[in-house]
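> Structure below; questions to follow.
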Amino acid sequence: MKTIYFVRHAKSSWEDASLRDFQRPLNKRGLRDAPFMGKLLRAKGLAPDRIISSPAVRARTTAKYYAKALQYPETEVQEEPLIYEAFPEDILRLIEQFDAAWKVVYLFGHNPTWTTLANSFAETFIANIPTCGTFRVDAEVDDWAAFTTQTGRLSEFHYPKQYFS
């Protein structure tokens, strides 16, 4: 079995209008949500074999908070430039190239790609993957090349507003 947790970056700040989109940091809510959601997933017991993130500041920061909560070395969080501004097909091609030894991968990225991907694996429509939203997809396959929208099924969906009002 292969499992991917797709994580949309936590809430980012628009406070500094001089920053490019790529450089936007997390805001106060994002700094609260990312560690919380990481701990929530740690309690589920699926430790990552690999954490891969968009290089955008808000995604990388979210990934590092999850890494810390999951007891994964923050220095080993891999940046993948393709994830920033990717189309769903780009992400699926990236997954095909994963090391066969990896069983559980956490991918940190952006909307609208994450919502589109979630719906390609889900049985019921998901209108939006909110910031710091995390969805799990499992596939009963031995090789990542066989991890497709036909073999994978969305099995979990978590987001901060389920836990905070």
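> Sort the following peptides by mean Cβ neighbour count (other Cβ atoms within 10 Å, averaged over residues), highest first: 146-155, 124-133.
Ranked by mean Cβ neighbours within 10 Å, highest first: 124-133, 146-155.
> With a point put 7 Å past each Cα toward its Cβ, work out how far PHE87 is from ASP99 in nm, to one decimal.
3.0 nm
> What is the spin-label model distance, in nm, from LEU40 to ARG20 if the labels are put 7 Å beyond Cα along the C-beta direction?
Placing both labels 7 Å along Cα→Cβ, they lie 3.2 nm apart.
> Same structure, new question: Counting only other residues whose beta carbon sits under 9 Å from that of SER13, what net charge do I get with K and R as +1, D and E as -1? Intermediate values should be presented prior to the final figure.
Working: positive: LYS11, ARG24, LYS28, ARG58; negative: GLU15, ASP16.
Neighbourhood net charge equals +2.
> Pop a pseudo-label 7 angstrom from the Cα along the beta-carbon direction at both VAL141 and THR124 and give the gap in nm to one decimal.
Each label point is offset 7 Å from its Cα along the Cβ direction, giving 2.6 nm.
> Something else now. Give me the number: length gained by fully extending ASP49 to GLU79, i.e. 0.36 nm times residue separation minus the C-alpha to C-alpha distance, one decimal in nm.
Details: separation 30, 0.36 × 30 = 10.80 nm, distance 1.47 nm.
My answer for the length gained is 9.3 nm.
None of the figures in this text is laboratory data; all of them are computed from the coordinates on show. Please read these numbers as outputs of a predicted model, since none were measured by experiment. No Cβ is skipped: glycine too gets one built from the backbone with ideal geometry, and neighbour counts run over all protein chains shown.
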